[in-house]
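The values are calculated or read from the model by the stated rules, or taken from the named source; none is laboratory data. Since the model is a prediction, treat every value here as computed from it, not as a measurement. Cβ sites come from the backbone with ideal geometry, for glycine too, and all protein chains shown count toward neighbours.
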Amino acid sequence: MDDFQRNAVKQMLDYIESHLTSEISLYQLAQTCAYSPWHAARLFKEATGTSPFTYIRSRRLAAAAHQLGVGKQRIIDVAMEFVFDSHEGFTRAFSKQFGMNPSDFRKALVACHARTVQETLGEGEKCMDTVFVQVIDRIERKVVVKFAHKASDYFSYCEEVGCDVWDILASIKGALFEPIGMWLPKNMRKLGAGEYAQGVEVPVDFTGEIPEGFDVITLPACKMMVFQGPAFEEEHFEQAITNLWELMGTYDPKLYGFAWADDMGPRFQLAPMGYRGYIEARPVKALNKN
């Protein structure tokens with residue numbers, strides 16, 4: 001994806017953010033970046049890993065969760081504000097994304113599911129950053145992976161195996177999503193492999209060509225709690241990652257009916273791109289409700 005295409009996606013994301021309480025059509029999104037609707041949708045999914053309308057619904061739900069936490073509106077009024085046509089439809093979508101219904105969410109006295117934190121981004125420059133959290137389902141799939149022997153993070157991985165692995169992974173046809181950096185639990189590592197690796201998820205029945213020196217492992221179906229930080233200037237990507245890690249380190253998934261489940265899949269990160277914010281995900285499991 002070139003700079004012009006990245007800018008097109010940023011324009012669509014900006015349009016969505018400013019129209020969360022209005023109807024949004026694919027045609028309107030396409031108009032913001034001067035692409036055809038089909039091409040705009042393809043670029044959007046390539047950059048974000050999801051379709052425009054799935055992303056829009058997720059963002060509306062995150063904004064609705066924030067509104068439920070800080071406001072006193074009735075649930076139905078919040079639902080209508082964020083373009084859901086019924087209380088029932090909103091409740092189903094909200095429960096699927098956050099693991100609890102809107103009423104339980106409000107009763108839990110959570111200040112907001114999209115947590116606001118103040119961070120210093122540059123010399124003398126401060127802003128209010130918002131981290132959005134959602135729970136998604138990952139089906140059983142495989143991952144084409146390049147293991148390292150000692151790596152525990154991106155930098156030690158690149159030092160050990162090189163920085164061209166990402167481009168190789170991005171060229172694999174039939175991939176489900178974009179490449180990821182992974183912290184693999186011990187039960188998913190090859191003997192003698194380190195914690196950190198890079199890979200790309202593919203269907204469980206994938207039969208495509210595997211690059212030389214790469215392996216294929218199976219990842220079980222699981223739920224992932226996804227954290228997405230605010231947009232950032234490219235030169236501040238390390239600070240953006242640090243900010244999100246600090247939040248994740250204090251985040252209690254039990255407030256939302258989940259527990260960490262690190263043995264059920266890898267914690268993973270997407271490439272830090274300033275226009276979409278830094279994104280990282282960690283496996284969770286639903287807690288039994290008595």
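Mind checking whether some residue in segment 175-194 is under 17 Å from Arg276 (Cβ atoms) and aliphatic (A, V, I, L, M)? Before the answer, list the steps.
From segment 175-194, those under 17 Å from Arg276 (Cβ atoms) are 177-181; that's our starting set.
Still in the running and aliphatic (A, V, I, L, M): 180.
Looking through segment 175-194, at least one residue is under 17 Å from Arg276 (Cβ atoms) and aliphatic (A, V, I, L, M).
Selection of helices (runs of 4 or more DSSP H) fully inside segment 21-70 by the criterion of at least 2 residues being surrounded by 14 or more Cβ atoms within 10 Å (Cβ to Cβ) and at pLDDT below 90 returns 37-48, 52-70.
It is to be established whether one or more residues within segment 158-179 are within 21 Å of the chain's Cα centre (by Cα), under 16 Å from Pro283 (Cβ atoms) and not in a loop (DSSP other than H, G, I, E, B). Checking segment 158-179: not a single residue is within 21 Å of the chain's Cα centre (by Cα), under 16 Å from Pro283 (Cβ atoms) and not in a loop (DSSP other than H, G, I, E, B). Name the residues in segment 266-290 that are over 12 Å from the mean Cα position of the chain (by Cα) and assigned to a loop (DSSP other than H, G, I, E, B), would you? Once the filter is applied, which keeps residues that are over 12 Å from the mean Cα position of the chain (by Cα) and assigned to a loop (DSSP other than H, G, I, E, B), segment 266-290 yields Pro266, Gly274, Tyr275, Leu287, Asn288, Lys289, Asn290. When residues in segment 195-210 are screened for being modelled with pLDDT under 95 and not β-branched (Val, Ile, Thr), 6 of them pass. When Lys96 is tested against the conditions (1) in a loop (DSSP other than H, G, I, E, B); (2) modelled with pLDDT under 90; (3) surrounded by fewer than 19 Cβ atoms within 10 Å (Cβ to Cβ), the lone failure is (1).
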